[in-house]
1. From Ala48, Ala36, which residue is buried (at least 21 other Cβ atoms within 10 Å of the Cβ) and under 17 Å from Asp273 (Cβ atoms)?
2. Which helices (runs of 4 or more DSSP H) sit wholly inside the range 321-439 and have at least 1 residues that are at pLDDT 85 or above and buried (at least 23 other Cβ atoms within 10 Å of the Cβ)?
3. If Tyr300 satisfies every condition in (1) outside any helix (DSSP H, G or I); (2) more than 23 Å from His232 (Cα to Cα) but one, which is the exception?
4. Taking the range 308-320 as the search range and keeping residues that are surrounded by 21 or more Cβ atoms within 10 Å (Cβ to Cβ) and either farther than 18 Å from Ile255 by Cβ or among the aliphatic types (A, V, I, L, M) (or both), which one is modelled with the lowest pLDDT?
5. Please determine whether any residue of the range 197-208 is of a type in the set (Gly, Ala, Ser), crowded, with 19+ Cβ neighbours inside 10 Å and either assigned to a helix (DSSP H, G or I) or at pLDDT 85 or above (or both).
6. Which helices (runs of 4 or more DSSP H) sit wholly inside the range 1-104 and have at least 3 residues that are on the phi < 0 side of the Ramachandran plot and in contact with a Lys or Arg (Cβ under 8 Å, 6 or more places away or on another chain)?
7. Could you say which residue among Val230, Val192 is at pLDDT 75 or above and not in a helix (DSSP H, G or I)?
Amino acid sequence: MDSLTYMQLLRRNRSFRRLWIGQVISELGNWFNFIAALGLVRVVSNAAPEVTTLMLIFRLVPFTLFSPLAGAFVDRWSRRTVMILTDLLRVVVALGFLLVRRPQDLWIAYLCTALLAFFGAFFEAAKNAAVPNITGERDLLAGNALMFSSRFLLLSVGAALGGWTSAKIGYSAAFIINALSFLLSAYSVWLVPDAETRQRRAAGEAEKTPKPGMFSGYWTDIREGWSYIVRHAPVATILLVNIVWAIGGGAINLILDRLGAFEFAPKSGLRQDEAIGVLYFANGLGLFVGMMIARRVGIYFQSKSRTIGYIGWSLFVQGIFFALMGVMPTLLLASLMLFISRVLLGAEFAVQETLLMRLVPDNLRGRISTTDRAGEMMIWSVSTAVAGWSLYYITPSLLTITSGLLSGLSGVLWLSLSSVHRIEGAIVKVPDHARQSSS
């Protein structure tokens, strides 16, 4: 049976619709915050590149460090409760940026950024683990594509509006909007029944499973997740390729900030925040379009048994267009190259993420998903730090070219590993546990 279309899924699946609405609201506020926070520290620090680099690192490192713990946590406890509590805590943290007014206050911006990332790690772990159970196997690709496409559309719209708001009204408005968005997101998630965020257990199974302690056994849970990755080549391949992609692709936020502010703002006559907002708009719009076509693309290539080749070539070609952004003479052309690159990456990511969710059983899904993100974000953090240091010696344009080519190597690695391990059949096949989760 064909999966539901995006509109059918939203109309017929009330719990998914409520979770999706919560994400839409909070993501809009998140990107208001992101552009405003970068602009604020740029103004306060007189555009010191190390300050922007530190902001990006503080956004990445907590997610990297705490994602494995978050994954183990949401595999044990109520995923709905975790999402609600982290949303409410982020309301308070988002307002903390209002206290940053001078260079001596930069530590507050770093702390608030780190805390948002920390709580975000738990929210994302809970949400990603819950989605397959809410959608069921049949509609998982559509659900994933809609979740991520909405996120990236809001990246696009939120970044553009955040840049405009910061330039025209001021940074405080963006931070207040971000805080309100978390409050509304918490209410929307509260409407989702807790039981629907987990796979239904057979009668008597819950009684046989010992209840874990509040603070004990997390290390054992994390090791269980790692052991599963090592023993399953398709899952390990997906995680490794994502890490390799992050070597080049991880510098994207720093690249967009520097290209927009110092390469294209003077040429286009726009303010720095506005030029950066244009690039983020192209970035988010491309990812949104890619996600929206992912359902049909994924079904088509799976029916042709070409999923492996599709993923590998998409990763390679997106890196080429990413690199071409660095040689474009105008903001419009650079945005076009970025848009094409993100369309390719967005469609590929939705297909790849769906494969990962199908391959991993529900009781391990939170840990595997967050381990994937943690490894990617760890390299992303290192990539950002190295890229920030390199800007003392090379131009943002050269950094863009280098980063694009490096990110494209992930496609070459995917194609190479898949040919060695012959994992096409293992990846395309839906495991028994995935079928059971939709019954």
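The values are calculated or read from the model by the stated rules, or taken from the named source; none is laboratory data. Since we're looking at a predicted model, the values are computed, not measured. Here Cβ is always computed from backbone atoms with ideal geometry, including for glycine, and neighbour counts include all displayed protein chains.
1. Testing whether each residue is buried (at least 21 other Cβ atoms within 10 Å of the Cβ) and under 17 Å from Asp273 (Cβ atoms) leaves just Ala36.
2. 331-359, 362-390, 396-421
3. Result: Tyr300 passes all but (1).
4. Ile308
5. no
6. Passing ranges, in order: 6-12, 14-44, 49-76.
7. Exactly one of Val230, Val192 is at pLDDT 75 or above and not in a helix (DSSP H, G or I), namely Val192.
So that you can scan it fast, the table gives a plain yes or no per residue for (1) polar (S, T, N, Q); (2) closer than 24 Å to Leu415 by Cα; (3) in contact (Cβ under 8 Å) with a residue 60 or more places away in the chain:
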site	(1), (2), (3)
Tyr228	no, yes, yes
Ile238	no, yes, yes
Leu270	no, no, yes
Leu287	no, yes, yes
Arg296	no, yes, no
Ile308	no, yes, yes
Phe316	no, yes, yes
Leu324	no, yes, yes
Leu332	no, no, no
